[in-house]
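The values are calculated or read from the model by the stated rules, or taken from the named source; none is laboratory data. Because the structure is a prediction, the values reported are computed rather than measured. Reconstructed Cβ throughout: ideal geometry from the backbone, glycine too, with neighbour counts over all protein chains shown. These accessible areas exclude ligands, DNA and RNA; they are computed on the full protein's heavy atoms, side chains included. Shrake-Rupley method; radii C 1.70, N 1.55, O 1.52, S 1.80 Å.
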Amino acid sequence: MALIRHLIDGTETGETARTGAVYDPATGEQQHEVVLGSRADVERAIAAARAALPGWRATSLTKRADVLFRLRHLLTERRDDLAAIVTSEHGKVLSDAAGEIGRGLENVEFASGLINQLKGEFSEQVSTGIDVHSVKQPVGVVACITPFNFPVMVPLWMVASAIACGNTVVLKPSEKDPSASVFLAKLFLEAGLPAGVLNVVHGDKEAVDTLLDSPDVSAVSFVGSTPIARSIYQRASASGKRVQALGGAKNHMVVLEDADIESAADAAVSAAYGSAGERCMAVSVLVAVGDVGDRLVPAIERRLGDLAIGAGTDAASEMGPLITREHRDKVASYVTGAAAEGATVVVDGTTKQFDGDGFFIGVSLVDDVKPGMRVYDDEIFGPVLSVVRVDTFDEAIALVNANQYGNGTAIFTRDGGAARQYEFEVEVGMVGVNVPIPVPVGAYSFGGWKGSLFGDSHIYGPESFHFYTRSKVVTTRWPDPVQSSIQLAFPGNS
Ligand code: NAD
């Protein structure tokens, strides 16, 4: 059984007393141990990042871009190896693991255009003989804390832009699938990133709290569940850090009566059950307007019997297991409890039998769901699709806007006016029109509203260059033929 260790200052290290188990979700067996960083481990990583900062922030933009170009090449070359690591610890099917690496590559590509993003402004002659320019400088050491469900893509959301801006990083990945981050950090080293610029520490609350409380950490990027995102935001911003903390989701797909029901059913099945529903942009609520439910629910039900559920390494599998046994049991409890809450369980995935001890569960479809039921109110993060039936378009918008989350949403219709009205009124950060999972491409930033994001900066894309830099404005006068004189009055412009 391998021991997964930290990568600090370019070296794998860590013999701490505390370790955690890393499972193969497809077999249910423990396959590795991961060190759980102590306060001292994390402080060493922060010190390494701090020591690397002066050299990295002085590295030219061209050289920083070179590292990202080489990383892109290496990631493409080693994509299958990395996907295999993701599948073995997370459980998602290999094609899905390769897909998340592809989306992460977009962030590397965007960040490699850093010279465009780090341009300042210049105003000549703002006052007689005086010019002003602004520059964007790195914030310092950035802590990146990531969830289990995208062990490559989410670290790349953060790290690519953070280092492009000249910062150094301590990455704390999920302890449930930690190997991908170490692999990624080694690729960065191979791409020419100096040791200490990107450090990986594993761990749990102790490691995270050390990052949040350290005076040497200037900014925190977090992605995870809403209760933890909220507490991270409060704790880190209380000590003056810049924080973006992305939280959980309950994404609604609204289907209007004029929509093409067969393609809406395909989209709903793909977006609800892909990656076993363990995606922050998964569709978990279908809002059926008017008579849509009577047509759409049977169309979805017909498709569910054919889904192939099995080990992610099996090319025939379309959906793999959940991340842990506890999570699988929690997901099942929402389905088994739904009937007592007054909902109709159309397809019950909890009764599906699987060979072996893997953390598998079948897919579930629950109709007649209403706000106030646990199955609606909580983020389930599993292969469970709830259907809420409403009479009108306005009721659909009111339902989505009343939800505590606001990550993603989609509307399915042929009516451009209705789609435009939905986009205008809906209180959600990312909207799809006939697109079920509207994750923005790398040139736009990603982020939700309400309980899905604490802080005011979205992640990756242009907003990340704003988040990971501080601006400085320089006012300049060079000696000229104008006579100087003493002026005690507050400087005015002439
Ligand atoms: P999580 O909140 O349990 O863990 C996220 C990170 O926080 C991990 O690194 C974990 O070690 C750390 N952590 C856990 N408990 C902590 C505590 N008490 N104190 C300090 N740190 C702690 O989330 P998860 O289960 O790994 O990931 C799934 C969640 O992430 C879902 O809610 C999902 O919606 C969300 N998510 C959101 C987005 C987004 O972009 N909004 C993207 C991916 C995942």
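Considering R79, R50, R39, which residue is under 29 Å from G113 (Cα atoms) and in contact with a helix residue (DSSP H, G or I) (Cβ under 9 Å, 6 or more places away or on another chain)? Going through R79, R50, R39 in turn, just one is under 29 Å from G113 (Cα atoms) and in contact with a helix residue (DSSP H, G or I) (Cβ under 9 Å, 6 or more places away or on another chain): R79. Report yes if some residue within the range 201-212 is more than 9 Å from the ligand (Cβ to nearest atom), under 15 Å from the mean Cα position of the chain (by Cα) and at pLDDT 95 or above; otherwise report no. Within the range 201-212, none of the residues are more than 9 Å from the ligand (Cβ to nearest atom), under 15 Å from the mean Cα position of the chain (by Cα) and at pLDDT 95 or above. Given the condition open to solvent by 10 Å² or more (accessible area, probe 1.4 Å), of a type outside the set (S, T, N, Q) and without any contact (Cβ under 8 Å) to a residue 24 or more places away in the chain, answer yes or no: does some residue in the range 286-294 qualify? Yes - at least one qualifying residue is present in the range 286-294. If only residues of the range 213-233 that are assigned to a strand (DSSP E or B) and touching a Leu at 6+ places or on another chain (Cβ under 8 Å) are counted, the one that is farthest from the ligand (Cβ to nearest atom) is V220. Does the range 40-55 contain at least one residue that is open to solvent by 10 Å² or more (accessible area, probe 1.4 Å) and either of a type in the set (V, I, T) or not in a helix (DSSP H, G or I) (or both)? No. Selection within the range 141-199: residues that are within 14 Å of the ligand (Cβ to nearest atom) and among the aromatic types (F, W, Y). The member of this set that is farthest from T62 (Cα to Cα) is F148. Within the range 266-322, the set of residues being part of a loop (DSSP other than H, G, I, E, B) and among the basic types (K, R) comprises just one member, R279. The set of residues in the range 26-39 being assigned to a strand (DSSP E or B) and of a type in the set (V, I, T) consists of V34, V35. If you go through the range 415-462 and keep only what is within 23 Å of A238 (Cβ to Cβ) and among the charged types (D, E, K, R), you end up with K450, D456.
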